[in-house]
Amino acid sequence: MSLVKAKLVSSDGGETIEFMFNPNQLVFQQQINLTKNSGARTGRGLPKVNFAYPEPCTLTINDILLDTYEEGGGKSVIVYIQKFEKAVNFLESGKNQKKRPPTYVFAWGSNQYIRCFITNLTYKLIMFLPNGTPVRAKLDLSLEEIDESTSQPGLGTPNQVDRTGDTRNKRMS
């Protein structure tokens, strides 16, 4: 079986970002918003709770390794970091200024985990050549789920990304 790399596949015409090395874990988090009435209590004295709505799912991927040392020639790892930075620094000046961040589907093999945008990018430069060129970095990403109708207005009923791993009827374009 051949190695399949994890990717952030652009869902709105941007650049797809392929990971150099696959993540070693994916951390999903989701919660429900609650409202509590301070005066309303149950028979046991607990506050009565109203279930408001679910928050979007977040996916955190830590310690994503980028490494250009073995490529030789003194190639900087910053070139690869800039692909991730473009997803966060989308409000660039000029006529191509965008009003929203680019959207992606985080996919790995046949699994499409989450339709999302990048909410947080943190990176560390951890190895340098003698001339100061950075050749190794570690990134941490936080991705937040969005509905397809939010990322592509006017396209009708959104296709849901299935985090259960069932990809029989879901294919990337």
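The values are calculated or read from the model by the stated rules, or taken from the named source; none is laboratory data. It should be emphasised that the depicted structure is a prediction, and the values quoted were computed from it without experimental measurement. Here the Cβ positions follow ideal geometry from the backbone for every residue, glycine too, while neighbour counts run over all protein chains shown.
Some observations on this one:
- Meets criteria (without any contact (Cβ under 8 Å) to a residue 60 or more places away in the chain and in contact with a strand residue (DSSP E or B) (Cβ under 7 Å, 6 or more places away or on another chain)) for Pro54: yes
- Residues in the stretch 1-25 that are exposed (fewer than 12 other Cβ atoms within 10 Å of the Cβ) and among the small types (Gly, Ala, Ser): Ser2, Gly13.
- Residues of the stretch 129-145 that turn out to be of a type in the set (Gly, Ala, Ser) and part of a strand (DSSP E or B), as a count: 2
- Among the residues of the stretch 26-39, at least one is free of Cβ contacts under 8 Å to residues at least 24 places away in the same chain, exposed (fewer than 10 other Cβ atoms within 10 Å of the Cβ) and farther than 23 Å from Arg115 by Cβ.
- Some residue of the stretch 119-126 being outside any strand (DSSP E or B) and either of a type outside the set (Val, Ile, Thr) or at pLDDT 95 or above (or both): no
- In summary, Arg100 fulfils each of the numbered conditions (1) assigned to a strand (DSSP E or B); (2) at pLDDT below 85; (3) under 18 Å from the mean Cα position of the chain (by Cα) with the single exception of condition (1).
- Residues in the stretch 23-60 that are over 19 Å from Asn120 (Cα atoms) and in a loop (DSSP other than H, G, I, E, B): 5 in all.
- Here Ile114 passes the criteria (1) of a type in the set (Val, Ile, Thr); (2) loosely packed, with under 11 Cβ neighbours inside 10 Å; (3) over 30 Å from Leu129 (Cα atoms); (4) within 24 Å of the chain's Cα centre (by Cα) except the one numbered (2).
- Residues considered: Ser2, Ser10, Ser76, Ser38. Of these, the only one that is under 14 Å from the mean Cα position of the chain (by Cα) and on the phi < 0 side of the Ramachandran plot is Ser10.
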